[in-house]
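What follows is a set of notes on a single structure, which appears directly below.
Read the figures in this text as sums done on the coordinates, not as results from a lab. As the structure is a prediction and not an experimental result, all values here were calculated from the model. Cβ placement follows ideal geometry from the backbone for every residue including glycine, while neighbour counts extend to all protein chains displayed.
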Amino acid sequence: METPLPRTAQAGGGDVVAILNRNEPAFYCVPADRYEAMLDLIDDLKLAKEVKAQLEANEPRIPAKIVNGDLLVKGESGFDDAK
C-alpha cells in the first residue's frame, strides 16, 4: 500500500502542511528550506539572548568589527582600515 504523504506534501506547494488525525494536528510537513530557516532563527534568538545577558553584565567592552566573516579586535592588523 502506497502512502499518500509525498502527494500531500507536494499539494502544499512549498507551504507547511498539517496532517490531521481526528481533526487534530498529528504532525506538520515542513519543506526543508523553511525548516532550515526556522533553525537559523532559533540560533539567532539564542545568540541575541546571550548578547543581551553580556551587555547587562556591565563587563568592559572591546571594540571589534566583522570584516568578510572575520572578527577583528581593535589593535589587530586591518582593524583601522575596515569600514
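Summarise the long-distance tail of P(r) for the chain by giving the % of C-alpha pairs beyond 18 Å.
Value for the chain: 68 percent of Cα pairs lie more than 18 Å apart.
Determine, for Val51, Val30, Val16, the number of other Cβ atoms within 10 Å of each Cβ, and report the residues in order from fewest to most.
Val51, Val16, Val30
Tell me the mean residue ellipticity at 222 nm calculated for the chain from its helices only (DSSP H runs of n ≥ 4, each -39500 (n - 2.57), averaged over every residue, nearest 500).
The helix-only estimate for the chain comes to -13000 deg cm²/dmol at 222 nm.
So, in nm, how far is label Asp43 from label Ala26 when the simple model puts each one 7 Å beyond its Cα toward the Cβ?
Calculated label separation equals 3.3 nm.
If you plug each phi of segment 21-32 into the Karplus form 6.51 cos²θ - 1.76 cosθ + 1.60 with θ = phi - 60°, what whole-Hz ³J(HN,Hα) values come out, in order, with x for Gly and Pro?
Each residue's phi maps through the Karplus curve to give 10, 6, 6, 10, x, 8, 6, 10, 9, 10, x, 4 Hz.
Pull out the extension gain between Ala11 and Ala53, defined as 0.36 nm times the separation in residues minus the alpha carbon to alpha carbon distance; nm, one decimal.
Between Ala11 and Ala53, full extension yields an extra 10.7 nm.
Taking amide H positions as placed in the peptide plane 1.01 Å from N, state which residues far from Val67 in sequence (5 or more) or on other chains have amide H under 5 Å from it.
Leu72
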